[in-house]
1. Assess whether Ala54 counts as being touching a helix residue (DSSP H, G or I) at 6+ places or on another chain (Cβ under 8 Å), assigned to a strand (DSSP E or B) and closer than 26 Å to Trp83 by Cβ.
2. Conditions: (1) part of a strand (DSSP E or B); (2) surrounded by fewer than 14 Cβ atoms within 10 Å (Cβ to Cβ). Leu85 meets all but one. Number of the miss?
3. State whether the residues of the range 70-79 include one that is assigned to a loop (DSSP other than H, G, I, E, B), of a type in the set (A, V, I, L, M) and either surrounded by 11 or more Cβ atoms within 10 Å (Cβ to Cβ) or without any contact (Cβ under 8 Å) to a residue 12 or more places away in the chain (or both).
4. Which residues, taken from the range 53-91, are at pLDDT 95 or above and closer than 30 Å to Ala18 by Cβ?
5. Give the number of residues within the range 1-51 that are of a type in the set (A, V, I, L, M), part of a strand (DSSP E or B), open to solvent by 40 Å² or more (accessible area, probe 1.4 Å) and free of Cβ contacts under 8 Å to residues at least 40 places away in the same chain.
Amino acid sequence: MLIGLMRPVETHSADVEAADLAGVQTQLATHRPEGFDLISAPVVMIKGAAILKAKGTFQSRDRIEQIEADDMDALLAKVPEGWQLLNVRAA
């Protein structure tokens, strides 16, 4: 018997602008959906302007579910579209 943990692969993005990095972080925090973590936020300085732009990408991290199967093929077959298998252990 194998036990696997899986979570949905769901992302959300937000474009923000601010005068400094602290402002970028503050803006991104206001756009973070509940249960999502910021996984990427490359910052670009706008030429000729004193402003920074960033595209923050957030990914769902709070919905983890457990599945069970007799073998690895059966376990993988139970992972629905849009979900990611995180780990597998023998029971």
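The values are calculated or read from the model by the stated rules, or taken from the named source; none is laboratory data. These figures come from a predicted structure and were not determined experimentally. Ideal geometry is used to build each Cβ from the backbone, glycine not excepted, and the neighbour counts take in all protein chains shown. Each accessible area value is taken on the protein alone, full model and side chains, heavy atoms only, with ligands, DNA and RNA left out. Shrake-Rupley method; radii C 1.70, N 1.55, O 1.52, S 1.80 Å.
1. No; evaluated as a whole, the condition is false for this residue.
2. (2)
3. Of the residues in the range 70-79, the ones assigned to a loop (DSSP other than H, G, I, E, B) are 70-71, 78-79.
Checking which are of a type in the set (A, V, I, L, M) leaves us with 79.
Adding the requirement that they be either surrounded by 11 or more Cβ atoms within 10 Å (Cβ to Cβ) or without any contact (Cβ under 8 Å) to a residue 12 or more places away in the chain (or both) leaves 79.
Yes, there is a match, as at least one residue in the range 70-79 is assigned to a loop (DSSP other than H, G, I, E, B), of a type in the set (A, V, I, L, M) and either surrounded by 11 or more Cβ atoms within 10 Å (Cβ to Cβ) or without any contact (Cβ under 8 Å) to a residue 12 or more places away in the chain (or both).
4. Lys53, Ala54, Lys55, Gly56, Thr57, Phe58
5. Looking only at that region, the number is 5.
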